[in-house]
Amino acid sequence: MAKIDQKYLAPATVIEMPEHLDRGWVERFSIARERPSGPMVLDLSHTRGVDSAGLALVYYLNRRYAKAGLSLTLRNASSAILQTLKNWQPDEENKKTPRQISIGFFPGIGGSVLNAKDLVVEALSMLAEMLFWGSFGLFKKRDFRRGVLVEQMFFMGYQSIGIVCLLSFLIGVVLALQAAIQLNRYGAGIFLAPMIGIGMIKELGPLLTAIIISGRNGSSTTAEIATMVVGEEIDALRTMGLNPVQFVVVPKFWAMTLTMPFLSLSATVVGVFGGYAVAIVYLGISSSLFIGELLRNVVLIDVVENIIKSVVFAWLIIWIGAFHGFKVKGGAEEVGRETTASVVTGIFIVIVADAIFSFIF
Amino acid sequence: METVSNSVAVVEVENLRVSYGPHIVLDSVDLRVAAPEIRVILGTSGCGKTTLLKTMVGLLRPERGVVRLFGKEIREPDSPDTVEALKHVGILFQNGALLGSLTVGENIALPLQMHTSLSKKLIREIVELKLTQVDLPGVYSLLPQELSGGMRKRAALARALVLDPPLVFCDEPSAGLDPVTAAGLDDLLLRLREGLGITIVVVTHELASIRAIADNVVFLQKGAVLFDGSMAKAMVLESGPVHDFFNRRGPLGETAGRGTLEFAVENIA
């Protein structure tokens, strides 16, 4: 003969529910945490009111006891309480819907690859649009607002020069100090001049400027465009027959193209000056000797390289900034996320480009 | 399903389906708007009203179906046909969508600068005229952020009207406005229809506005057209979702009360 589980034969436990079946009572009542061990009766003869926590407790216990094959009975409940329980009982089907559908490992990889492909295509389309409207778009006079170019040059160039020069000076000082300690050991302090000069002109000047500008102008470009997307301003431009890339991005593209070389050269000069200050003060090298060594080793092609790098870095920063801005679909959280991503991606792309330049030049 | 039949179609939508990924938002939507009328597209939140409007103006690409404005098919947002058709269309977005970097006057002047060869002085005159038409004098040099919500809506409406379009789309024009300002905007739309013969398509769920301005209504539910007919006929329906909408009646919610778990009950008090 089959054994019957004793829990089905046990007498019902009767729980007297309070007058106000509310969250405070539910928090103190531990039965929700106990495993069902037998039939249960909830005596609602004194219960006059119930809040969300009370309702949730009854639904939860009802479901749990039904799953265990045990009865849960509501005794002496008023018709009002029963109606409330009936009115607010959620659709059980809804609860089964997972927030995220889990997919297998390999389909996940496939999905990621396809998403990455779409992103790359989108990014390259943005680059092509930016370069197209930045060149041929200039000949469409009506679509290019000249006033805004000066405004963007002021914001992106003039207002950036202080921070760029300050940081370059400090980097120049730090580099020169560290190099000077080592060079001095071997009596080679005089090589500080060409080292700082070539290092700043060929590499650190444009690279440092680009990193600072990516953080400043790249993020502001992303935030501005993203805010326009969220505020439907981009949609408004499209419906007025205006290309958003041409209208919003091209002025920034040209502002950066024109100001970045000046920023980079300024950063370079100030950085070299930082090194010069260290050489004069710490190493005791004469000013004329430092400048003479500098001019002997730095050639015009290095300056041209500085300018070319700065322009390419400028395009990369604006491209990445615009791409992340237009990617936003909605919400402040996404604006913040894409702005951060734009800075990180911008710096990464700039450093990769610099590495590629190292092989070219 | 009741429909309105008119002679000159300004907007035609045939068998439209729009999806966001796997989620179908609009399915098998047909619509025909004739000139001049105020057609209101209404429905509960999430039924696809704004999606329909954005598809009609070419901002969203449908998965299936056709949209035509003035007989021209609207495909991609940047296609020449779409750009040409949209020159005859004004759009009032939900939050105005005025460009924050331009003054109110510059915002309104923008379509004139882009699509006409009028002189700057004449453009200025037209902008001042439009500001007068929307009862918004004296704000030419202000920035959009310096205006109240209602004023921004009016300024955006002035921009939508600056090319004297025969067709205007309005996305939730009364959203976020107090009843008095909303009523003022409704009056303005009525005056535009009566005075300038403009066809206006309004997406809204504000009952007071619908009752005030609608000639014909399209009721959407879960992405499908449930009713397309005159306001008078919509108001006399005695049952169904349209009736419930106008009489502010409905279930507690989509899923409340649909639970199937039974309660064992003894001695109901």
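The values are calculated or read from the model by the stated rules, or taken from the named source; none is laboratory data. Quick caveat: nothing in here was measured; it's all calculated off a predicted structure. We place every Cβ from the backbone using ideal geometry, glycine too, and count neighbours over all the protein chains shown.
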**Prompt:** Among the residues of the range B:40-53, is any among the hydrophobic types (A, V, I, L, M, F, W, C), in the same structural domain as B:HIS243 (by TED's automatic domain parsing) and within 18 Å of B:LEU86 (Cα to Cα)?
**Reply:** yes
**Request:** Pick out, from the range B:37-123, the helices (runs of 4 or more DSSP H) lying fully within it that include 3 or more residues that are among the acidic types (Asp, Glu).
**Result:** none
**Request:** Report, by residue number, each residue of the range A:23-52 that is assigned to a helix (DSSP H, G or I) and not basic (Lys, Arg).
**Result:** A:GLY24, A:TRP25, A:VAL26, A:GLU27, A:SER30, A:ILE31, A:ALA32, A:SER52
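Restricting attention to the range A:72-90, and to residues there that are within 7 Å of another protein chain (Cβ to nearest Cβ), out of contact with any helix residue (DSSP H, G or I) (no Cβ under 9 Å at 6 or more places or on another chain) and assigned to a helix (DSSP H, G or I), which single residue is farthest from A:GLU16 (Cα to Cα)? Give the steps one after another, and end with the answer.
Pass one, the range A:72-90, residues within 7 Å of another protein chain (Cβ to nearest Cβ): A:72-79, A:82, A:85-90.
Restricting the remaining residues to those that are out of contact with any helix residue (DSSP H, G or I) (no Cβ under 9 Å at 6 or more places or on another chain) gives A:73, A:75-76, A:78-79, A:82, A:86-87.
Adding the requirement that they be assigned to a helix (DSSP H, G or I) leaves A:79, A:82, A:86-87.
Details: A:SER79: 17, A:LEU82: 16, A:LYS86: 21, A:ASN87: 23 Å.
Top of the filtered list is A:ASN87.
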**One residue from A:TRP319, A:TRP315 being closer than 30 Å to A:ARG238 by Cβ, surrounded by fewer than 20 Cβ atoms within 10 Å (Cβ to Cβ) and modelled with pLDDT of 90 or more** = A:TRP315
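Looking for something closer than 30 Å to B:MET151 by Cα and at pLDDT below 80 - is there at least one such residue anywhere in the range B:247-268? Quick ask: steps written out before the conclusion?
We begin by selecting, within the range B:247-268, every residue closer than 30 Å to B:MET151 by Cα; these are B:248.
Remaining after also requiring at pLDDT below 80: B:248.
Yes, the conditions are met somewhere in the range B:247-268.
Looking only at the range B:200-221, how many residues end up being within 11 Å of the chain's Cα centre (by Cα), closer than 12 Å to B:GLU172 by Cα and surrounded by 20 or more Cβ atoms within 10 Å (Cβ to Cβ)? Steps first, answer last, please.
Taking the range B:200-221 as the starting set, the residues that turn out to be within 11 Å of the chain's Cα centre (by Cα) are B:200-205.
When the remaining residues are screened for being closer than 12 Å to B:GLU172 by Cα, the result is B:201-205.
Right, trim to surrounded by 20 or more Cβ atoms within 10 Å (Cβ to Cβ) and you get B:201-204.
Selection size over the range B:200-221: 4.
Only one of B:SER19, B:SER28 is in a strand (DSSP E or B) and on the phi > 0 side of the Ramachandran plot; which? Reasoning before the result, please.
Working: B:SER19 fails: on the phi > 0 side of the Ramachandran plot.
Checking each option against the conditions leaves just B:SER28.
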**Asked** With the range A:259-361 as the region, which helices (runs of 4 or more DSSP H) entirely inside it contain at least 1 residues that are under 30 Å from A:PRO244 (Cβ atoms) and aliphatic (A, V, I, L, M)?
**Response** A:300-327, A:332-360
**Asked** How many of the residues in the range B:85-118 are among the charged types (D, E, K, R) and facing another protein chain (nearest Cβ under 9 Å)?
**Response** 1
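Which one of these is assigned by TED's automatic domain parsing to the domain that holds B:LEU26 and out of contact with any strand residue (DSSP E or B) (no Cβ under 8 Å at 6 or more places or on another chain): B:ARG152, B:ARG211? Give the steps one after another, and end with the answer.
Details: B:ARG152 fails: assigned by TED's automatic domain parsing to the domain that holds B:LEU26.
Unique residue meeting the criteria: B:ARG211.
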**Item:** Residue among A:THR345, A:THR259 that is of a type in the set (Ser, Thr, Tyr), closer than 22 Å to A:ASP118 by Cα and either surrounded by 14 or more Cβ atoms within 10 Å (Cβ to Cβ) or modelled with pLDDT of 95 or more (or both)
**Value:** A:THR345
**Asked** Give me the pairs: first residue in the range B:57-69 and within 14 Å of another protein chain (Cβ to nearest Cβ) and on the phi > 0 side of the Ramachandran plot, second residue hydrophobic (A, V, I, L, M, F, W, C) and surrounded by fewer than 23 Cβ atoms within 10 Å (Cβ to Cβ), beta-carbon distance under 9 Å, and six or more apart or on different chains, which are they?
**Response** B:GLY58/B:VAL83; B:GLY58/B:ALA85
**Prompt:** Taking the condition closer than 30 Å to A:VAL352 by Cα and without any contact (Cβ under 8 Å) to a residue 12 or more places away in the chain, does A:LEU300 pass?
**Reply:** yes
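Looking only at the range A:228-259, which residues are among the β-branched types (Val, Ile, Thr) and within 12 Å of A:ALA322 (Cα to Cα)? Quick ask: steps written out before the conclusion?
At the first step, the residues of the range A:228-259 found to be among the β-branched types (Val, Ile, Thr) are A:229-230, A:234, A:239, A:245, A:248-250, A:257, A:259.
Scanning the range A:228-259 gives A:VAL229, A:VAL245, A:VAL248, A:VAL249, A:VAL250.
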**Item:** Counted residues, the range A:239-273 - those being over 26 Å from the mean Cα position of the chain (by Cα) and at the interface with another protein chain (Cβ under 10 Å from one of its Cβ atoms)
**Value:** 4
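State yes or no: is A:SER286 surrounded by fewer than 18 Cβ atoms within 10 Å (Cβ to Cβ), of a type in the set (Ser, Thr, Tyr) and assigned by TED's automatic domain parsing to the domain that holds A:MET156?
Working: surrounded by fewer than 18 Cβ atoms within 10 Å (Cβ to Cβ): yes; of a type in the set (Ser, Thr, Tyr): yes; assigned by TED's automatic domain parsing to the domain that holds A:MET156: yes.
In short, yes.
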